[in-house]
Each structure stands twice: as C-alpha cells, then as structure tokens.
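The values are calculated or read from the model by the stated rules, or taken from the named source; none is laboratory data. Keep in mind the model is a prediction, meaning the values are calculated, not measured. Heads up, the Cβs are rebuilt from the backbone with ideal geometry, glycines too, and the neighbour counts pull from every protein chain shown.
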Amino acid sequence: MFAYHVVSRVQKMTSFFQKVLFFLSIFLFINVLGVGSFAYAQTAVADLQEKYEKLAKQYLVKHPSIHDFYTITTKGIYMYASAQDKKKNKAECIIFWSEIDDFKKMILHTDEVTQLKIYLEKKQQKFSWTHKKTIRVAAYQAPKSAKSPAEQPLLGKRIAIDPGHIAGDLELARIEGRIVDITHEGRNYQFCEGDLTLTTAELLAKKLEEEGAEVLITRNKPNHTTSGIPYSQWVQQELPAVVAEAYKNKLISKKQKQTALRNPMRYTVHEDFFLPIDLRERMRKINEFNPDITVVIHFNADAEKKQREAVSYKNYSMTFVAGSFMKNELSNSEERLAFVKLLLLGNLEKSFQLANHIQDQFVQHLGVPAIPTQNPLAYLNKASIFVKKGVYARNLGLCRLINSPIAYGESMYQDNIKEMKALHTNHYPYAPAQRVQEVAEAYFKGIMQYFKEIQ
Ligand SMILES: [Zn+2]
C-alpha cells in the first residue's frame, strides 16, 4: 500500500525539480531510519560522502543518466537542473553538510509548496534568515506542563495575552513601522517587535499554564492578522472593501482611495485601514474569552532620538492602564459607551494593581528604570494621566475596549544599545533570546504578585 502510494505520488509529480526533491527527502529519511540519531558534528565529512554515495547507488540511481543531476562532495549534496549545468558546475541547489538537520526539519514539517520554494530560492547559498525561520517555526513543539493540580495556584484563572503588532519578518515589520534596523560599529542589528512580543507571549503563557491558568494568546502566527490570515491575503481580499467603505462615509478622498489600492503594502495603509480592524478583532477575542486579567505586551523605542536608524543610550520602562480621555474623545456614542463601561465595570483599580506589579518587575527583575516623572515625552505629558512612577492611564485603542483589568507593558527600549545586542538573536519560537525569557519572567512574577494581592 505504501509502495503503491509512493509510486502514484511520484508519477503525479510533473516537474523534474519535484522528483529530485522527493528522492532526496526519501534518501535522507532512509538515512535517519538506518542510523538513528544523525550527528553531523561527530561524523567525518568523508564518511558522510561515502555513506550517501552508497545509499544513492544502492537505492536511487536506476539509470546512469541520473548521475547528471547530482554530485556529493566534501561540502554537501549538489543538485543540478541538467547535465549541461553539471558540466558548468551550476548547481540548482546545494545542501551543505552543516544544514542537514534544518533540511530534514523542512521536509518533515513544511508543505510541499514551501519546500519547493525554499529549494529553488536557496540555490548555491546556505539557508537564508527567512528560510531558517520558516523551518524552525514549522518544526517547533511546545513542551507540556508536568505539575499536579495541587501545585497550581492559578487553577481556574483565565488570562488573555495580547502580543503587540503582527510582523514576523523584516519586510512586514518595515511596513508596520516596528523594526529595529541599526548599524552600530560596523555590525547590522535587525529584528522586529512583533517577533519579540509573540515570543514573550508564548513563554509567558507556558509559565502561566504550568500554574494552572487557562490562557488565550490573541494571535499565534507571525505575519498573520489576529483573525488568522496572512497579511498579504488581507490586503488582497479585505482592503478594497474597507477602503470603499471609508470613501463612502467621506472619511477619505478619491485620490486617497486610489493611492491606497494602487500601492497597499505601505505604512499608512497599515496604520489607517488595517490597525483599527485588527485591534477590534483582538478586543473581540479577548472579551469573548472573558478573562480575569489581560496583559498587552510591547517593546518600546526611544522617541527622543533624532534618527530612526541611530542607537539609543536611554532605557526606560512604563506600563499603561485604560483612561485619560482627551478633547473630542467622547464625540461618538461608541466612545461614550467605552467610557461608561470603564467607569462601571470596576476594573480601573484592579488594572492599576496589575500594572503596578508588572511595572515593579520591569524595574526589579529586568533592571530597567521607570521613566522619570519629569520627562519630555509628549505621549506621557500631553496624552496620559500620571498614576504612579512608571504607571500611566492612557486612552489606547485596545485598553478602553477590554472588559477585564488590563495592563499594557512597555518593558524597555528595544533600540537601546545593550538591549538591542541582547534581543537581536531572538527568533520566534525556536530560539528565544535570554533577554526575552527574562521579560516573560518579569510579566509572570508581576501577574503572580497581583493574584496574591487580590485574594
Ligand atoms: Zn509596540
């Protein structure tokens, strides 16, 4: 049955690339079955070469012409699109010995379309940053809790976590304007806030679940909207209707409408048309989950520095709760309903308690000082109400719409020189940076303190 399945599958593969990739995956798979754990580091390259040559000859090469399409060298396995290409040494794809593990993960955890795409993109290079990330995200499996109910102080508690932004790669991070791309002392540091927040959220969720809590994370796939579709798909499928509606309601001009549709992968389109809808979806998910508390995770950036591409030498933490309605912010009935809900639900004090504990941990556990009471930041002085050092009420889109106590954390400046160096190696979810683990721990400690206090 298996053999028949394989044969029919091979026959269906129309392109030669697919066949090559398929055979290659089979022969790697045979290798794994045959030798148990695959340890590239301990095996001499010559042995690898010999072993794969032998396997290829023994199982794969029926007709001598197949030799025109591959070669196994001291560097790895070279695949060629034709005999001519092989003569010119123009490999279509090289799988280097050091990449065998990642290649194996790619075969086992991604779909065939993705595999072929990466195979053809890779060419004679090693896996790119984006390739590695795609593979590791697909291969990640979260470990499970081993604690018994008696050891779980958060049993019965429901906690919503909202990781800010959506980008998981640099391209989308640039569009949403939440990217660190700084060259410092000849070295380039690139990462995106959406990647840090999602990693923090997952790590925090795991800690809370181990204590018995039921956790909702509002979004769980990089580059996907909170409603669960890729951003590029949202732009194609949803944006036209959103723009048409805005035009119909006279919120934008005809020219604005045309510009948005002609060139949609831009910051302004993201900001004006996507964000309000995405925030509403986060709100809807959280309120539907009906949590005991909600925590919103962000990483701040230095708003005082002159250039976006410059490194910052400042580093402060701050935490927000709902409130601080400004002039004209009660001009429609929806806003007024939000206002009265905040007033009546009894969450303002609890939000402050939660924010207070989280803010304390930013200072104690992370060593990031609270923003000084005297500071030049307009968003604090003009738009926020001071509650306590580091804690402010602010009328943020998400905070005012949530029906539970809510704290919105900005644990640090991600563009601070020290933090930047500690954060840039973070890759959701495969390789969380040590510093991001500390951030998750700070939120965790703050949340534990809060539940202790309100008992
Ligand atoms: Zn943010």
Quick check on the range 347-354. Is at least one of its residues more than 30 Å from residue 181 (Cα to Cα) and of a type in the set (A, V, I, L, M)?
yes
I'd like to verify a number: residues in the range 168-210 that are aliphatic (A, V, I, L, M), farther than 23 Å from residue 401 by Cα and under 12 Å from the mean Cα position of the chain (by Cα), how many?
4
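Residues to consider are 423, 401; find the one that is within 26 Å of the chain's Cα centre (by Cα) and over 30 Å from residue 105 (Cβ atoms). Walk me through how you get there before you give the answer.
Details: 423 fails: over 30 Å from residue 105 (Cβ atoms).
Only one candidate qualifies: 401.
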Exactly one of 110, 134, 130, 183 is β-branched (Val, Ile, Thr) and modelled with pLDDT of 90 or more, and that one is 183
Quick one: which residue in 396, 348, 366 is within 16 Å of the ligand (Cβ to nearest atom) and over 21 Å from the mean Cα position of the chain (by Cα)?
396
Would you pick out the residues in the range 220-235 that are within 11 Å of residue 261 (Cβ to Cβ) and surrounded by fewer than 16 Cβ atoms within 10 Å (Cβ to Cβ)?
none
Can you name every residue in the range 297-329 that is assigned to a loop (DSSP other than H, G, I, E, B), within 15 Å of the ligand (Cβ to nearest atom) and not charged (D, E, K, R)?
301, 303, 316
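From 72, 118, 135, which residue is more than 17 Å from residue 222 (Cβ to Cβ), touching a helix residue (DSSP H, G or I) at 6+ places or on another chain (Cβ under 7 Å) and either in the same structural domain as residue 47 (by TED's automatic domain parsing) or among the acidic types (Asp, Glu) (or both)?
72
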Scanning the range 379-431 residue by residue, those part of a helix (DSSP H, G or I) and in contact (Cβ under 8 Å) with a residue 24 or more places away in the chain turn out to be 379, 380, 399, 400, 401, 417, 418, 419, 420, 421, 423
I need every pair where a residue in the range 285-301 that is more than 17 Å from residue 200 (Cβ to Cβ) has its Cβ under 6 Å from the Cβ of a residue that is more than 16 Å from the ligand (Cβ to nearest atom) and among the basic types (Lys, Arg), sequence separation at least 6 or different chains.
291/158; 292/157; 292/158
Give the number of residues within the range 399-413 that are more than 16 Å from the ligand (Cβ to nearest atom) and of a type in the set (D, E, K, R).
1
Only one of these conditions is not met by residue 278: (1) of a type outside the set (Gly, Ala, Ser); (2) within 16 Å of the ligand (Cβ to nearest atom); (3) assigned by TED's automatic domain parsing to the domain that holds residue 396; (4) under 24 Å from residue 214 (Cβ atoms). Which number is it?
(3)
Is the range 375-386 home to any residue that is among the polar types (S, T, N, Q), assigned by TED's automatic domain parsing to the domain that holds residue 183, out of contact with any strand residue (DSSP E or B) (no Cβ under 9 Å at 6 or more places or on another chain) and surrounded by fewer than 17 Cβ atoms within 10 Å (Cβ to Cβ)?
yes
Is it the case that some residue within the range 437-445 is closer than 30 Å to residue 346 by Cβ and either in contact with a Phe, Trp or Tyr (Cβ under 7 Å, 6 or more places away or on another chain) or in a loop (DSSP other than H, G, I, E, B) (or both)?
yes
When you scan the range 48-79, how many residues do you find that are farther than 18 Å from residue 98 by Cα and among the basic types (Lys, Arg)?
3
If you go through the range 250-263 one residue at a time, do you hit one that is more than 16 Å from the ligand (Cβ to nearest atom), free of Cβ contacts under 8 Å to residues at least 40 places away in the same chain, of a type in the set (Gly, Ala, Ser) and surrounded by fewer than 21 Cβ atoms within 10 Å (Cβ to Cβ)?
yes
How many residues, within the range 64-116, are touching a Lys or Arg at 6+ places or on another chain (Cβ under 9 Å), of a type in the set (A, V, I, L, M, F, W, C) and without any contact (Cβ under 8 Å) to a residue 60 or more places away in the chain?
6
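Has the range 280-295 got at least one residue that is touching a Gly at 6+ places or on another chain (Cβ under 8 Å) and not in a helix (DSSP H, G or I)? Before you say what the answer is, go through the steps one by one.
To start, the set of residues in the range 280-295 that are touching a Gly at 6+ places or on another chain (Cβ under 8 Å) comprises 295.
Next, only the ones that are not in a helix (DSSP H, G or I) stay: 295.
Yes, the conditions are met somewhere in the range 280-295.
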With (1) surrounded by fewer than 23 Cβ atoms within 10 Å (Cβ to Cβ); (2) over 13 Å from residue 205 (Cα atoms); (3) touching a residue at least 24 places away in the same chain (Cβ under 8 Å) as the list, and residue 445 as the residue in question, which single condition is left unmet?
(2)
